[in-house]
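Derivation of every value follows stated rules applied to the coordinates shown; laboratory data play no part. Here the structure is a predicted model, which is why all the values come from computation and not from measurement. Cβ coordinates were reconstructed from backbone atoms using ideal geometry, including for glycine residues, and neighbour counts include every protein chain displayed.
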Amino acid sequence: MAWEERNGRSYYYEKRRQGGRVVSQYIGTGELARLAAQLTLLDQWRKEEERAEWRLYQAEQAALDAEIAELAQLVQTVTGAVLLASGCHRHKRQWRVKHEQNADSDNGRDEEVGQSPRRHNQSPEADKGTNG
C-alpha cells in the first residue's frame, strides 16, 4: 500500500506485480481510501500470522520426523542384532536364513552315487524313465 502526495492531496494506491512489472492501481482519496488502507494492512497482518503459524508447524513436523528417523534406526539395529543372533545373514540388503552345510553331503548336493544329476527343471520321475 502506498499513499502518494500530489498537488497537496493524498491519494491511496496499491502496488502489485503483473508480468514481472510493478503496477500501481488507484484506490481513492479521503475516508474511503483510509478505510481501504486499513483493510489492506489488516490483510497483510493476517497473512503474516498465517505464515508464522505455518513455519511453526513445519518446525514441529521436522522435529517429529527426526524422532521417527531415530526410532527407525534403533529398530533396524535391534532387529539386525536379533536376526544375527538367530543365525541369519544379510545378502544384498536382505535378511536370509543361513543354511548349514553338512560335511557328509557332497557340497550340499543330494545326489546318490551312480546316478546322473538332475537338471533344475527335471522332476525325480523323469530320472526313472531313462535307460541306464
Where Lys and Arg each count +1 and Asp and Glu each count -1, what net charge lies around residue 84 among other residues with Cβ under 14 Å from its Cβ? +3
What are the residues whose amide H is under 5 Å from the amide H of residue 27, where those residues sit 5 or more places off or on another chain and H is modelled from the backbone? 12, 13, 14
Can you give me the orientation-averaged projected area of the convex hull built on the Cα atoms of the stretch 2-97, in nm²? 11.4
What is the sum of charges around residue 57, taking Lys and Arg as +1, Asp and Glu as -1, for the other residues whose C-beta is under 13 Å from the C-beta of residue 57? -3
Could the peptides 64-72, 15-23 be put in order, highest first, of the mean number of other beta-carbon atoms found within 10 Å of their residues? 64-72, 15-23
